[in-house]
1. Among the numbered criteria (1) open to solvent by less than 50 Å² (accessible area, probe 1.4 Å); (2) within 11 Å of chain B (Cβ to nearest Cβ); (3) farther than 19 Å from A:Phe75 by Cα, which single criterion is violated by A:Asn50?
2. If B:Thr27 satisfies all but one of (1) touching a strand residue (DSSP E or B) at 6+ places or on another chain (Cβ under 6 Å); (2) at pLDDT below 95, what's the number of the condition it fails?
3. Out of (1) more than 26 Å from A:Ser9 (Cα to Cα); (2) of a type in the set (Lys, Arg); (3) assigned to a strand (DSSP E or B), the odd one out for B:Lys26 is which?
4. State the number of residues belonging to the stretch B:30-44 that are open to solvent by 30 Å² or more (accessible area, probe 1.4 Å) and touching a residue at least 60 places away in the same chain (Cβ under 8 Å).
5. I'm checking my understanding of the structure. Among residues of the stretch A:4-42 that are at pLDDT below 95 and aliphatic (A, V, I, L, M), which one is surrounded by the most Cβ atoms within 10 Å (Cβ to Cβ)?
6. Of all residues in the stretch B:1-29 being open to solvent by 20 Å² or more (accessible area, probe 1.4 Å) and under 13 Å from B:Tyr87 (Cβ atoms), which is farthest from the other protein chains (Cβ to nearest Cβ)?
7. Applying the selection to the stretch B:76-110, what residues are surrounded by fewer than 16 Cβ atoms within 10 Å (Cβ to Cβ) and away from chain A (no Cβ under 14 Å)?
8. Within the stretch A:63-73, does at least one residue satisfy the condition of being at positive phi, part of a loop (DSSP other than H, G, I, E, B) and either open to solvent by 20 Å² or more (accessible area, probe 1.4 Å) or within 14 Å of chain B (Cβ to nearest Cβ) (or both)?
Amino acid sequence: SAVISQKPSRDICQRGTSLTIQCQVDSQVTMMFWYRQQPGQSLTLIATANQGSEATYESGFVIDKFPISRPNLTFSTLTVSNMSPEDSSIYLCSVQEYEQYFGPGTRLTVT
Amino acid sequence: SQQGEEDPQALSIQEGENATMNCSYKTSINNLQWYRQNSGRGLVHLILIRSNEREKHSGRLRVTLDTSKKSSSLLITASRAADTASYFCAAAGSARQLTFGSGTQLTVLP
């Protein structure tokens, strides 16, 4: 199974600022996904990031707020822009092999 | 993506007992996957069952799938305190995105 790392593991940010989360995979994968998990909640898909094309966003998520880069088959970034306390969540990237595997998550707190 | 439902939302059992969690989903699927999450950490993949399978085993885990009822269950046998975690089902459709259930918080008491 793919080994996925994320940076940072956690951060505390002030409202109005932006944070970029990095996701690194130890093998080349076509499909990568970004999820959000709000406190005490389940996971919600933000977007699908395929290399060489624009990310596809789910309803309720927009590129201006969550820009995504996918420069190659092992790396992706998610930026949380103009943050507010409502953005406090765990952000997880995942990759699709046959099964889907998740990174350890980035715990974001916005004050 | 619409989330599925899991029940119970919370389950507390004694060590050695079996734990059963149920999951329902809303659309047709290619497969259904179960995950464990400890205290807000990353998700650990437990088991995948394909849409043409009805039952699958992995160690102390047993998963069933009923596509006619759009439901699945996860059974953990002979539970241990280390099984205490949140458990999520996730339905994979044709586009491969996962739609997660609401989760079951399992507490295994020593």
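The values are calculated or read from the model by the stated rules, or taken from the named source; none is laboratory data. In this text, all values refer to a predicted model and were calculated from it rather than measured experimentally. When we count neighbours, we look across all protein chains shown, and the Cβ atoms used for this are built from the backbone with ideal geometry, even at glycine. What goes into the accessible areas is simple: the full protein's heavy atoms, side chains included, and nothing from ligands, DNA or RNA. Shrake-Rupley method; radii C 1.70, N 1.55, O 1.52, S 1.80 Å.
1. Condition not satisfied by A:Asn50: (3).
2. So B:Thr27 meets the others, but not (1).
3. Result: B:Lys26 passes all but (3).
4. Residues that pass the stated criteria total 1.
5. For the stretch A:4-42, the residue satisfying everything is A:Met32.
6. B:Thr20
7. Matches in the stretch B:76-110: B:Thr77, B:Ala78, B:Arg80, B:Ala81, B:Ala82, B:Thr107, B:Leu109, B:Pro110.
8. No, there is no match, as no residue in the stretch A:63-73 is at positive phi, part of a loop (DSSP other than H, G, I, E, B) and either open to solvent by 20 Å² or more (accessible area, probe 1.4 Å) or within 14 Å of chain B (Cβ to nearest Cβ) (or both).
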